[in-house]
Amino acid sequence: MDWLNFHHLRYFWMVAREGGLRQAAEKLHVSPPSISAQIHELEAALGEKLFRRAGRANVLTDAGQIALRYADEIFGLGRELSAAIKQRPTAKALRLHVGVADSFPKLMTQQILQPVFALPQAVHVICREGKVADLIGHLAAHRLDVVLSDEPASGSLKARVYNHSLGECGVTFCAGPRLANALRKGFPRSLHQAPALLPADGTGLRRSVEQWFQSLGITPRVLAEFEDAALMKVMASDGRGFIPVPTLVAQEAIDRFSLRIIGATEKCREQFFAITADRRIHHPAVAAITNAGGGKAG
């Protein structure tokens, strides 16, 4: 069995964190050549270069990026071990790694995570945002405990995962004050050929909205599409077009972005899911999330 030299790994970790050999040497109170030699031994053990030259600087290679992520985790666990032995208040903190789809409403994330912070045991939450397919890959590799998404995981994915419904709501259409006033009369027909700012193609909300538009014969004039829901709201606050938002978070759009409601419908639905790698949930913080949602695995 190959054993990793954690002394070498720590030297690598300090260089990566501090930004160079000289800075790391000052922190560790050793000479730069000594650190360089230790890193070369680590690279030889791993069979990969961890740094490459870029001008006068050393930058991480792809292998170096992977090594840094693991080193962060390893030395973070080391600090937790030390705290546990010394029985500090943080000794019993439970770690929860959450993946959040970039199209998922931020306010919904906050609401869904509330039961986690209400647990009797302290919880350390680490959130990671990205595309659903990428996050599910991390979930399958057990680098995440749960993924929050506005659409269920596709059955076509190679990873076997389980969808837990957290609920659903209707959709509210909002815009800047002037455009909202103009479109409010005659809603929803008023949305036909109106300037629209829509979620990115392929998202759950976009599909739901387009199906509803199609059922009514409405074709808005799409000016822009967004993966980032917050950016979409910022653009809408500038009066550039109307946007759809889940009704549960419509008040946030009004309060934070000075938008006004045009109209709402329950026939257009936005759904929320927690996706896990196992049907039977063992992580208490994930259980708190799915139990609060009341959904079943599918």
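Since every read-out is calculated from the coordinates, none of them should be taken as a lab result. Bear in mind that the values here come from a model prediction, so they are computed numbers and not experimental data. Every residue, glycine as well, gets a Cβ built from its backbone with ideal geometry; the counts of neighbours run over all protein chains shown.
Taking only Cα atoms of region 6-85, what ratio of Rg to Rh do you get with Rh as the Kirkwood inverse-distance radius?
We get a ratio of 0.98 for region 6-85.
Run through the DSSP bridge list for the chain and note the antiparallel percent, rounded to the nearest 5.
60
Pop the C-beta distance of His40 and Gln65 into the FRET formula with R0 = 25 Å and round what comes out to the nearest 0.05.
So the FRET efficiency works out to roughly 0.85.
Who wins for biggest fluctuation among Gly55, Gly176, Gly137 in a Gaussian network model of the chain, springs between alpha carbons below 10 Å?
Maximum fluctuation in the GNM of the chain, among the listed residues, is at Gly55.
Listing Trp3, Trp13 from the residue with the fewest other Cβ atoms within 10 Å to the one with the most, what is the order?
Trp3, Trp13
Counting helices only, and only those DSSP H runs with n ≥ 4, report the 222 nm mean residue ellipticity of the chain as the sum of -39,500 (n - 2.57) divided by its residues, in deg cm²/dmol to the nearest 500.
Roughly -13500 deg cm²/dmol at 222 nm, from the helical runs in the chain.
Of the candidates His29, His124, His40, which one comes out as most mobile in a Gaussian network treatment of the chain with C-alpha springs shorter than 10 Å?
Largest GNM mean-square fluctuation: His29.
Mind checking which of Val209, Val100, Val59 has the largest fluctuation in a GNM of the chain, springs on alpha carbons under 10 Å?
With Cα springs under 10 Å in the chain, the top fluctuation among Val209, Val100, Val59 is at Val59.
Starting from one equal scatterer on each C-alpha and no solvent at all, send me the Debye-based log10 I(q)/I(0) for region 168-272 at q = 0.18, 0.22 Å⁻¹, two decimals.
Computed log10 I(q)/I(0) values: -0.76, -1.22.
May I ask you to compute the full-extension gain from Val30 to His124, defined as 0.36 nm times their residue separation minus their alpha-carbon distance, rounded to one decimal in nm?
30.5 nm
Please give the length that would be gained between Gln111 and Asn181 if that part of the chain were fully extended, namely 0.36 nm times their separation in residues minus their C-alpha to C-alpha distance (nm, one decimal). Don't jump to the answer; show the numbers that get you there.
On the way: separation 70, 0.36 × 70 = 25.20 nm, distance 3.04 nm.
Length gained, Gln111 through Asn181: 22.2 nm.
What trypsin sites (Lys or Arg not before Pro) in region 242-284 are in a loop by DSSP, with at most 16 other Cβ atoms within 10 Å of the Cβ?
Here the sparse-neighbourhood loop sites are Arg279, Arg280.
In Å³ and rounded to a whole number, note down the convex hull volume per residue for the Cα atoms of the chain. Mind dumping the intermediate values first?
Working: hull volume 56.4 nm³, N = 298.
Hull volume over Cα atoms, normalised by residue count, gives 189 Å³.
Extending each Cα 7 Å along its Cβ direction at Arg22 and His7, get the distance between those two points in nm, one decimal.
Distance between label points: 2.7 nm.
Search the structure for amide H atoms under 5 Å from the amide H of Cys174, placed 1.01 Å from N in the peptide plane, and list their residues when 5 or more places away or on another chain.
Ile243, Val245, Ile262
In region 1-128, with Lys and Arg counted as +1 and Asp and Glu as -1 at Cβ, which of these residues, Leu21, Val98, Leu113, has the Cα nearest the positive end of the dipole, that is, farthest along it?
Leu113
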